[in-house]
Amino acid sequence: MLSEMSASELSDWGRFFTKNGMSDALMDAHFATLKSLMVSLVTGEKVPVEDFSFIDDSEPLREKSGEELIEAGSGICGGVRFGPESS
């Protein structure tokens, strides 16, 4: 992944993680995956990652409205927004 990244993209990710840090969900996912892999290596059995997760994701994700998506996208820097083509 890093070999496909440009230097500016890497610096953008660096700035992002210095401001936001690692979220609890991301840390939980990393450690749950690591624990699952360790158990699989030792026992030879495939264990679901969810068995090692501390965060319960049993709630289904709800569909976001158009206004919520536009508001979330307005915070993305450097993006290009394309409008509908006029005839």
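Annotations
- Taken together, the criteria place Met38 among residues that are modelled with pLDDT of 80 or more and aliphatic (A, V, I, L, M).
- Residue list for segment 55-77, filter: exposed (fewer than 10 other Cβ atoms within 10 Å of the Cβ), at pLDDT 70 or above and under 18 Å from Asp24 (Cα atoms): Asp56
- Segment 1-37 - residue that is over 26 Å from Phe54 (Cα atoms) and not in a helix (DSSP H, G or I) and, of those, nearest to the chain's Cα centre (by Cα): Met1
- Residue that is surrounded by the most Cβ atoms within 10 Å (Cβ to Cβ), among those in segment 42-54 that are part of a loop (DSSP other than H, G, I, E, B) and either over 20 Å from the mean Cα position of the chain (by Cα) or β-branched (Val, Ile, Thr) (or both): Val47
The values are calculated or read from the model by the stated rules, or taken from the named source; none is laboratory data. A quick note: this is a predicted structure, and the numbers were derived from the prediction, not measured. Positions of Cβ are backbone-derived with ideal geometry, glycine not excepted, and every protein chain shown enters the neighbour counts.
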